[in-house]
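Scroll down for the structure; my scribbles are underneath it.
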Amino acid sequence: MTETNKRRHQRLKHHAKIQLMTSPGETLIVSLRDLSESGLFLSCGDQGLVKEGDVVGVKTMEFEDAPIQQAKVIRIEQGQGFAVEFINA
């Protein structure tokens, strides 16, 4: 079974800039590759940026007053980026 078949929600390709908060005071801008109801895949070249299990904040740059959503890093693809799953409040 491929990774695609294990997914709970269909992925939608969408390109946007995402503000990523990895720790207090550390904010970066990364690129969104795709999204689903449960999470995002963020493209970035910095392989040491996050590790699996990290909790990060994500916020779209498309809307001025977009909320910050907490998410957990669930997968890292070397040379591509990483997947996050939203944490429900």
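Quick look at the values:
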read-out: Interatomic Cα distance distribution for segment 3-86, bins of 10 angstrom, percent; value: 18, 58, 23, 2
read-out: Charge dipole magnitude, Cβ of K and R +1, D and E -1 - segment 3-86, Cα centre, debye nearest 20; value: 320
read-out: Highest-MSF residue in the chain out of Gly48, Gly39, Gly79 [GNM, Cα springs under 10 Å]; value: Gly48
read-out: Cα-projected label distance for Thr27 with Asp54, points at 7 Å along beta-carbon direction, nm; value: 1.7
read-out: For peptides 81-88, 55-62, sequence by mean Cβ density within 10 Å, most packed first; value: 81-88, 55-62
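Laboratory data are not the source of any read-out in this text; all were calculated from the coordinates shown. Here the structure is a predicted model, which means the values were calculated and not measured. All Cβ positions, glycine included, derive from the backbone under ideal geometry; neighbour counts span all protein chains shown.
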